Structure formats: structure tokens, C-alpha cells
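No value in this document is a laboratory result; all are computed from the given coordinates. Model, not experiment: these values are computed from the prediction. Backbone-built Cβ (ideal geometry, glycine too); neighbour counts: all protein chains shown.
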């Protein structure tokens with residue numbers, strides 16, 4: 001039986017990943033800002049008796065409120081002394097719901113769904129809430145230097161497996177949707193579960209000491225022991241199925 005060959009790198013999706021992240025950010029930030037600014041009042045710059053930024057500095061100091069200097073955008077300053085929690089609650093609630101809970105359970109956010117991407121574990125399954133939470137928390141580092149996140153995107157563009165620090169910490173990959181559901185095969189990257197050539201090679205009918213898919217360099221594909229059938233199976237990239245190894 002001929003060994004199927006790898007079909008590209010399923011993690012080489014950087015452009016689509018950036019667009020997906022922008023969609024997700026818009027879904028969270030735009031409603032949050034609208035809620036946050038719903039109670040704002042405004043003054044035209046022409047009605048101020050001092051420079052707009054000076055007005056904002058004075059207002060926030062005296063009223064412990066919020067002031068947005070948008071003089072360069074629409075000749076207005078916006079201000080409010082109310083601390084409406086709706087915007088903040090939506091931001092944190094929406095972020096955790098989409099990036100941690102939904103993405104953890106399904107591997108998808110709306111942005112990733114639109115762009116045909118999935119976040120998965122090394123075995124191709126959705127990451128789970130814990131791994132999704134780790135991924136999200138480490139964004140604190142990936143977002144450096146914050147005004148314009150650079151570290152995470154640079155790592156996702158240049159590292160093997162196209163993983164930012166959050167992916168490395170959580171052992172996850174962002175892949176094209178068609179690659180989800182099967183062990184992720186990245187050329188040159190260590191196989192899932194840390195299998196080596198010697199340890200992952202087929203050992204006849206003797207089950208492995210560790211469960212889960214293992215890389216078999218002889219067949220150039222993943223193999224795993226099926227206790228229900230008491231036999232080894234190998235992954236067929238073409239048909240996307242696990243098949244019994246002939247000759248056991």
C-alpha cells in the first residue's frame with residue numbers, strides 16, 4: 001500500500017488569519033465603544049475657551065469622568081461623568097464568550113468561520129476551554145507593544161507551524177478548516193505527543209505504551225492503535241480516514 005504524501009502546510013494561513021482577527025475585533029470593539037459612549041455629551045471646538053486637549057485634561061481631573069478629544073476628526077470633544085458599565089461588561093463578556101468558550105468548544109470564532117479557519121489541538125480536535133483560555137491569556141505578551149500588536153503576528157508569520165506564543169503555550173494550531181479533525185501535519189515539526197522515529201514506528205500487533213496518533217516515518221503518515229479492533233490504523237490524507245494497516 002503506497003504511503004500518502006503530505007499535502008502542503010495546513011497552518012500556512014497567515015493572511016486569512018489576520019482578516020479573521022480583524023473581524024473578531026470589530027465584533028467586540030465596535031459595540032463596546034457604542035455602549036461606552038452612549039451617554040456622552042459633546043461640544044464643538046469653537047465653543048471651547050481653551051484648546052481641546054487642555055479641556056479634556058481639566059474635565060477628567062475635575063469630574064473623574066471620560067473625555068475624548070476628536071477635534072482632528074470632527075471638530076468636537078466628547079465627555080461624560082457617568083460610569084456606565086455596559087460597554088466594559090460587553091467587552092469582557094463578549095471576549096471570553098467568543099475567544100474562550102465558543103472557540104474552545106468548536107474551534108471557531110465568527111471571523112475564523114467566515115475565513116475558513118479552525119483553532120485545533122495537535123490531534124486536530126477543538127482545543128477545549130482550558131487551552132483556549134491559555135491562548136487568550138498569553139495574548140497579553142503577543143499583543144506587545146500594544147498600540148499595534150507586533151510580537152504575535154511576527155511569530156505567526158515566521159515560526160514553524162505559524163504559531164504565536166499563545167499557540168505554543170496551549171499546544172494549538174490555527175489551520176484551514178479542511179485540515180481540522182485529523183492530526184496536524186506540519187513539515188519538519190515534531191509529531192503530536194512527542195513521538196520519535198523509533199518510538200512511533202509500527203511494532204506489529206503490540207499496542208503502544210501511549211495512546212493517540214503517532215508519526216510513522218516508514219509510512220510517512222500517522223498511525224494509532226485501535227483497541228476495539230486490536231489492530232493498528234494509519235491515516236490516509238487523501239480520503240481523510242483511518243484505515244487498517246495491511247499485513248498485520
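Observations
- Helical content of the chain, expressed as a calculated mean residue ellipticity at 222 nm, amounts to -10000 deg cm²/dmol (DSSP H runs of 4 or more residues, -39,500 (n - 2.57) each, divided by residue number, nearest 500).
- Note on the range 46-153: Cα-Cα pairs beyond 17 Å make up 69% of the total pair count.
- 0 to 90° range, to nearest 10: angle between helix 86-95 axis and the chain longest Cα axis: 10
- Cα point-scatterer Debye curve for the range 39-80, base-10 log of I(q)/I(0) at q = 0.19, 0.20, 0.29 Å⁻¹: -0.45, -0.50, -1.03
- Whole-angstrom Cα spans of the chain along principal axes, big to small: 88, 31, 26
- Candidates 154, 28, 102: whichever shows maximal mean-square fluctuation once the chain is modelled as a Gaussian network with Cα springs under 10 Å: 154
- Using a Förster distance of 35 Å, the FRET efficiency for residue 27-residue 48 (Cβ separation, nearest 0.05): 0.50
- Within a Gaussian network of the chain (alpha carbon springs, distance under 10 Å), most fluctuating of 158, 60, 106: 60
- Contact order normalised by residue count of the chain, Cα under 8 Å, 6+ apart, percent: 19
- Label-to-label distance, residue 236 versus residue 38, with points set 7 angstrom from Cα along the beta-carbon direction: 5.6 nm.
- If you run the Gaussian network model on the chain, springs between alpha carbon atoms under 10 Å, then out of 109, 221, 11 the most flexible one is 221.
- FRET efficiency, 1/(1 + (r/R0)^6) with R0 51 Å, evaluated for residue 12 and residue 88 via beta carbons: 0.85
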